[in-house]
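Worksheet for the structure shown next.
Laboratory data are not the source of any read-out in this text; all were calculated from the coordinates shown. Note that the structure is a prediction, hence the values are computed from the model and not measured. Every residue, glycine as well, gets a Cβ built from its backbone with ideal geometry; the counts of neighbours run over all protein chains shown.
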Amino acid sequence: MKNTVVGIDLAKNVFQIHGIDEWGKTSVKKQLKRDHVVSFFANLPPCLVGMEACGSAHHWVRKLGEFGHTVKLMSPQFVKPYVKTNKNDVADAEAICEAVARPNMRFVPIKSVEQQAVLSLHRVRQGFVKTRTAQANQIRGLLSEFGLTLPQGIWHLSKRIPALLEDACELPGVFRLLVQRLLDHLSELDREVSELEQQSQQWHRSNDASRKLAKIPGIGPLTASALVASVGDANSFRNGRQVASWLGLVPKQRSSGGKQTLLGISKRGDAYLRTLLIHGARSAILAAQRKAGESGWLHNLLQRRCPNIAAVALANKNVRIAWALLAHDREFEPDYSPVLAGA
């Protein structure tokens, strides 16, 4: 029997398959080992295949797409309402099969191998940054047990700790060696972070879309490369507000009965990319505050709102501008003014 829609519950070794025919009746329900997935779909006529966006999902999208299948990814939170019974692999595969055929379902943009590689650089770099911060805090905590304190800023550790250890004669030799070992580890983490940043900037310089986004005030090479790799095909979003909503930069709603209630930003989506955008907006705000006497959208906003709210608003605006540049293949113009439809 011909399958029209197939849902796959991805896993590490055991995959659950659920397929329906053109009449909506179950045509296949089976469990496959990882080695048999490719051969199963290679012998299957082209159909619509649905998956949850999870680990290894993009790999299977590209793999099954080679056999002529139309593969779509969905966020797990959108699939959950279609699970009818207790959670198990069979029920999950059936829910995925039902959800992917819904006409109003929202799908996850498919990333290429190059985009995944660039995002891997960002993820590993962010992991090293977190580890470096934890290492610096551990060193501070150990020194504080002996009454030694340092000013704020991670750069003070390598500069001031050797002098502190030299002046504190009462410290045991074992502790001195321990602190020196931790400082060496901190220096190694600094080197790893710098090397990954250089690799990200090399990719940024070789990518036209990333260089285009870096011209927007508040978006640097690091943010531009992460944004291009995360968004993928900008035309998969209907407008710039969808991208901002996808990143959690729009207000969260609690509206009912015709009354609109808007709260703070939803903070959904990619927290790493949202953090980069907001930090970049903070830098743009500092640069704008140094230029006294100028007028514009940002200066007017800073007069009405606090810098934190202005930073989120600027990050939201930058995302919409970035979408317009990518979707319409345009260059950034600082003095651009949109043409109204009735003009």
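By average Cβ neighbour count within 10 Å, what is the ranking of 314-325, 145-156 from highest down?
Numbers: 314-325: 22.5, 145-156: 11.2.
Answer by packing, highest mean first, reads 314-325, 145-156.
Which whole-Hz couplings ³J(HN,Hα) result when phi for each residue of region 143-149 is put into the Karplus expression 6.51 cos²θ - 1.76 cosθ + 1.60, θ = phi - 60°, listed in order with x for Gly and Pro?
My calculation for region 143-149 gives 5, 5, 5, 10, x, 9, 10 Hz in order.
Please report His36, His18 as a ranked list, fewest other C-beta atoms within 10 angstrom at the top and most at the bottom.
Working: His36 12, His18 26.
So the residues, fewest neighbours to most, are His36, His18.
Within region 211-233, which residues have the backbone N less than 18 Å from the label spot 7 Å out from Val113 along Cα→beta-carbon, could you tell me?
229
Can you compute the modelled spin-label distance between Ala134 and Glu195, with each label point 7 Å from Cα toward Cβ, in nm?
2.1
What nm value, rounded to one decimal, do you get for the distance between Lys84 and Asp184 when each label is placed 7 Å out toward the C-beta?
The two pseudo-label positions are separated by 6.3 nm.
If I take R0 = 41 Å and measure r between the Cβ atoms of Lys29 and Ser236 in this structure, what FRET efficiency does the formula 1/(1 + (r/R0)^6) give, to the nearest 0.05?
Working: r = 31 Å, r/R0 = 0.76.
Once rounded, the FRET efficiency stands at 0.85.
Determine the sum of side-chain charges near Ile321: Lys and Arg each +1, Asp and Glu each -1, restricted to other residues whose C-beta is under 11 angstrom from that of Ile321.
Details: positive: Lys212, Lys215, Lys317, Arg320, Arg330; negative: Glu333.
Net charge around Ile321: +4.
Give, in nm to one decimal, the length gained when the segment between Arg254 and Asn13 is fully stretched (0.36 nm per residue of separation minus the Cα-Cα distance). Kindly include the intermediate steps, with their values, before the conclusion.
On the way: separation 241, 0.36 × 241 = 86.76 nm, distance 4.14 nm.
Here the answer is 82.6 nm.
Given Cα pairs under 8 Å that are at least 6 residues apart, what percent is the relative contact order of the chain?
Details: 434 pairs, mean separation 40.3, N = 343.
So the answer I get is 12 percent.
For Val49, list long-range residues whose amide hydrogen, built 1.01 Å from N in the peptide plane, is under 5 Å from its own amide hydrogen.
Val6, Thr70, Val71, Lys72
State the Cα centre-to-centre distance between region 47-65 and region 173-230 in whole Å.
Answer, in whole Å: 30.
Once you place label points 7 Å from the Cα toward the Cβ at Phe40 and Glu66, how far apart are they in nm?
1.8
If packing is taken as the average number of other Cβ atoms within 10 Å across a peptide's residues, how do 55-65, 326-336 rank, most packed first?
Working: 55-65: 16.4, 326-336: 11.6.
In descending order of packing, they fall as 55-65, 326-336.
Hey, with R₀ at 30 Å, roughly what FRET efficiency would Ala271 and Leu177 work out to, going by the Cβ-Cβ distance, to 0.05?
Approximately 0.20, to the nearest 0.05.
Taking the number of other C-beta atoms within 10 Å as the exposure measure, put Phe78, Phe15 in order starting with the fewest. Numbers along the way, then the final one.
On the way: Phe78 17, Phe15 21.
In increasing order of surrounding Cβ atoms, one gets Phe78, Phe15.
Be a star and scan region 228-252 for residues whose amide nitrogen sits under 11 Å from the point 7 Å along the Cα-to-Cβ vector of Leu262.
Residues 250-252 qualify, since their backbone N sits under 11 Å from the label point.
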